[in-house]
Structures are given as C-alpha cells and as structure tokens.
Amino acid sequence: MNAADFLKSVSSYIWGNGLIFLLLFTGLLFTLKLGFIQFRFIPCLVRSVRNCGKAQEQVGISQLKTVCMSLGTAMGTGNITGVASAIAIGGAGAVFWMWVSAFFGMAIVYGENYLALTYRRSGECSGPMAYLKYGLGSNVLAAVFAVFCIIAALGMGGMVQVSSFSSALSGCCHVSPYIIGGAAFVLIYLVIKGGADRIGSAAQALLPLITAAYTIVSLAVIFTHKENIIPVFAEIFTGAFEPAPVAGGVAGFAVSKAVSAGIRRGIFSNEAGLGSSPILHSASENGSPSLQGMWSMFEVFFDTIVCCTLTALVILTAGGESLSVSGALSTVLGRGADVFLTVSMGVFAFCTIIGWYYCGETAFTFIFSSGEKFFCLLFAAFSALGAVVTLETVFTLSDIFNGLMAFPNLAGLLLLSNKVTNKVKKE
C-alpha cells in the first residue's frame, strides 16, 4: 500500500461509522435536552433578537457580518459538487439523509455556540478552545483541537477551495493556473489582513448576492421541469428507505450507501460538530449564548435544508442522478451555465476561504499568542498553491484533520451538555 492509499484508508476510518454515530448521538442528546428546538428556532430567534438587542457586551463585529462570515464558511463548493457527489453515490435517497444530518446538526451547533459564548474570553480564547480550556479545564484538549484546526484551515479551508475553483475556471475559460494562483494570493491576502471586520464585510457584500442569484436560477430550472417535482420527492423518500427491488443483501447495501453518503455530505457541507461555527460566532459584538446558538441553527438550516436541497432538486428534476449540475443548469442558461457555475463556485469558495482563515488564525494565536501577520501570509500562500499543485494527497490530509477536529469538540459538548440550556425567555 502506497502513501496515498494509506491516507485514504485513514480518512475512511476517521470518517467511518464511529464518527457518524457520535455526531448523530450528540445531535439526538441536544435535541432531546432542548425540547426539539429545531421546530421552534425561528420564533425563538426572533424573541432572542428582541431580548438581546441591548445586550451589555458589545465587543466585536456586527451580528450581520458574523452570520455572513459563518454562513460563508459552510456554503462552499460542497453545496454544489458535494450534493452532486452524494446523489451519485447514494442516489436520490441520500438527500433525505442530508436533511437528517442537518436536523441533528442544528441542535449540535446550538450547543457549540452556547458553550463558546458562555466561556469566551475576549482577546484571549474563543470557540471550542474556550470551553475545552475553561469549561473542562483541559489545556491539552484545547491545544489538540487548535492544531487540527490550523491544518484543516490551511488545507480544506484554503488549498482545496482554490483548487476546486481553479479546475472549474481552467475548464471554462482556459486561464493559466499560475495566473489564478497569483490572483488568489493577492485577493485573499488583501481581505484577510483586515481581520474579522474586513472578512465579515467581504462576506456580507458577496454572499447574499451570489446566493440570491443561485437561488433564482435554481428555481427557474426546477420550475421548467415542474412536472418532475412530485416524482422526485417520491424518489427521495423511497430511495431513503426502499431502494429499487434487488436481492436482499444488495438492497441493504443500497440503503446503507444512501444513509452514508447523505449524512457525510451533509456534515461536510454544514460543518455541524466540527467546531468552526463557534469560533466565528465568538467574533460577534453580541455575547448572548442563546442568540449565537439560534443564528448558527439558522445557518445550518439555510445551508443544507435550503441550498443543498435546491441543488439536489435541480439535478433530479432536470434529468436524474447521472446529470451534472452544469448540465441541469444548461436547460435554462444554455451555454452560459458553465460561466454561471464557475462564478458561483468562485464566490462560494472565496467566502469559505476567508472564513476558514479566521478559524485558523484564532487557533494559531491560541497556541502561539501572536503571529497574526505571519499566519496571514502563510495562509494566503498555501491557498494560492491550490491552483498549481496536485491536491489529492492534500485533500485527503485536510479531510483527516477536519474530521479529527470533531473528536475533542464532541467530547467537550458531551461532557458539558448539562451547561447548555435554552434561555431565550430569560435573557
């Protein structure tokens, strides 16, 4: 077995049934503890905004910038290519299990953010590092999480995103990857050197526009094939539990692939349980644990239930599981589908990159106490390399460390679960 195959085996082991079960168990625990808050989070969010609008703690960036920055980190290329991959692997039934991962993920991110804001030390420690250090009293777990986060940020957050966009742009416009890499370095560096406020401003300017455009085009495709909407939903629910009739053992295998592909891709998209969301929400000017928890729930809902579902319906209504996103969009946009998809992926990828930089920088300064300028240059350089190097091994390594972030984070959530409550009515 060569090094690449070994790393793939390690990645498959880390992202195996054990982690999936742990994530679902944590989500179920917080779902029950919070009284199925997923069904009440919108009115709870409205009440929380009203009650916490005049909170005493007002240190950090605005709530809107925080939400855009956090949502941008989740809404990367996984909302497009990840959904297509899930359907290709697990069939239409994988979409249902993506919804399941989002449902339980909403409870997890509430718990993450509630604990992060409860134990936050402004200018010193935030995110999972805060509740692992001050909640559990474990500097070791906090440092381990920080190391995993730094490596994941450099790889999955930077290099992989630029690589995905570079491949799409090179195929669409035949632009040199070296030009893409150089432009990526300059753009990324100019934004991230301004810190959380500039990152939030960039996400606030870019994300709503591209999300609106992608939503409109997706709805146009779905409406064009509106006669397929009901059959597609029937296919999603049927495929989730009752795949096409085949011999018993094979049928069970088909169900398991739908479950596995849907849940894994859902987690990969919304990042619930991995610990990135509480780092980003700790930058908010409003220190209310329940408010940040509610907003993070909205982000998971919008990322997976809304955006990922749109991509899935675009593919399935336009032509079925074998059709690409570009092919589905071309039924409305014609030859402009590739350009539109490339631009969309570019903006989503950029928002993910700058959001992940903040996660990586927060983890970096937790360990080294300083060095923001050095990490800024390092991150921009690593990201730019994504356009010009072969990334199969880098992607696998990033996937490994992205998954490893979940273990200390989930340990903190489970051990501190008694500290998490829905205090919307009390604040």
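When the criteria are applied in full, Gly82 meets the requirement of being surrounded by fewer than 24 Cβ atoms within 10 Å (Cβ to Cβ) and closer than 30 Å to Phe241 by Cα. Among the residues of region 132-147, those identified as surrounded by fewer than 24 Cβ atoms within 10 Å (Cβ to Cβ) and not small (Gly, Ala, Ser) are Lys133, Tyr134, Leu136, Asn139, Val140, Leu141, Val144, Val147.
Yes/no matrix, rows are residues, columns are (1) under 29 Å from Ala205 (Cα atoms); (2) modelled with pLDDT under 90; (3) in contact with a Leu (Cβ under 7 Å, 6 or more places away or on another chain):
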| residue | (1), (2), (3) |
| --- | --- |
| Thr317 | no, no, no |
| Leu323 | no, yes, no |
| Met345 | yes, yes, no |
| Glu361 | yes, no, no |
| Phe364 | yes, no, no |
| Ser369 | no, yes, no |
| Glu372 | yes, yes, no |
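Taking every residue in region 192-218 that is closer than 16 Å to Lys373 by Cβ and pairing it with any residue that is buried (at least 18 other Cβ atoms within 10 Å of the Cβ) and of a type in the set (Ser, Thr, Tyr), at least 6 positions away or on another chain, the pairs with Cβ-Cβ distances below 6 Å are Ile192/Tyr357; Ala196/Tyr358; Ile199/Tyr358. Name the single residue that is least open to solvent (accessible area, probe 1.4 Å) among those in region 1-32 being aromatic (Phe, Trp, Tyr), free of Cβ contacts under 8 Å to residues at least 12 places away in the same chain and within 26 Å of Thr393 (Cα to Cα). So, considering only residues that are aromatic (Phe, Trp, Tyr), free of Cβ contacts under 8 Å to residues at least 12 places away in the same chain and within 26 Å of Thr393 (Cα to Cα), the one least open to solvent (accessible area, probe 1.4 Å) is Phe6. The residue that is farthest from Leu45 (Cα to Cα), among those in region 268-281 that are of a type outside the set (Phe, Trp, Tyr) and modelled with pLDDT under 85, is Ser269. Could you grab me the full set of residues in region 346-385 that are of a type in the set (Gly, Ala, Ser), free of Cβ contacts under 8 Å to residues at least 40 places away in the same chain and open to solvent by less than 40 Å² (accessible area, probe 1.4 Å)? Correct list: Gly371 only. Can you confirm whether region 167-174 contains a residue that is farther than 13 Å from Gly360 by Cα and outside any helix (DSSP H, G or I)? Scanning region 167-174, I find at least one residue that is farther than 13 Å from Gly360 by Cα and outside any helix (DSSP H, G or I), so the answer is yes.
Any residue at all in region 118-131 that's surrounded by 23 or more Cβ atoms within 10 Å (Cβ to Cβ), in contact with a strand residue (DSSP E or B) (Cβ under 7 Å, 6 or more places away or on another chain) and at pLDDT 85 or above? The answer is yes; a qualifying residue exists. Only residues that are open to solvent by less than 10 Å² (accessible area, probe 1.4 Å) and modelled with pLDDT of 70 or more were counted in region 42-60, giving 1.
Taking region 161-174 as the range and being modelled with pLDDT of 80 or more and of a type in the set (A, V, I, L, M) as the test, only Val162 passes.
The listed residues are Thr352, Thr390, Thr396, and the only one of them that is of a type in the set (Val, Ile, Thr), at pLDDT below 90 and more than 23 Å from Ile267 (Cβ to Cβ) turns out to be Thr390.
In region 190-201, the condition of being surrounded by fewer than 24 Cβ atoms within 10 Å (Cβ to Cβ) and at pLDDT 90 or above is met by at least one residue.
Can you tell me how many residues in region 407-426 are surrounded by 14 or more Cβ atoms within 10 Å (Cβ to Cβ), modelled with pLDDT under 70 and not polar (S, T, N, Q)? Residues in region 407-426 being surrounded by 14 or more Cβ atoms within 10 Å (Cβ to Cβ), modelled with pLDDT under 70 and not polar (S, T, N, Q): 2 in total.
The values are calculated or read from the model by the stated rules, or taken from the named source; none is laboratory data. The model shown is predicted, which means the values in this text are computed figures rather than measured ones. Every residue, glycine as well, gets a Cβ built from its backbone with ideal geometry; the counts of neighbours run over all protein chains shown. Side chains included, ligands, DNA and RNA excluded: accessible areas come from the protein's heavy atoms. Shrake-Rupley method; radii C 1.70, N 1.55, O 1.52, S 1.80 Å.
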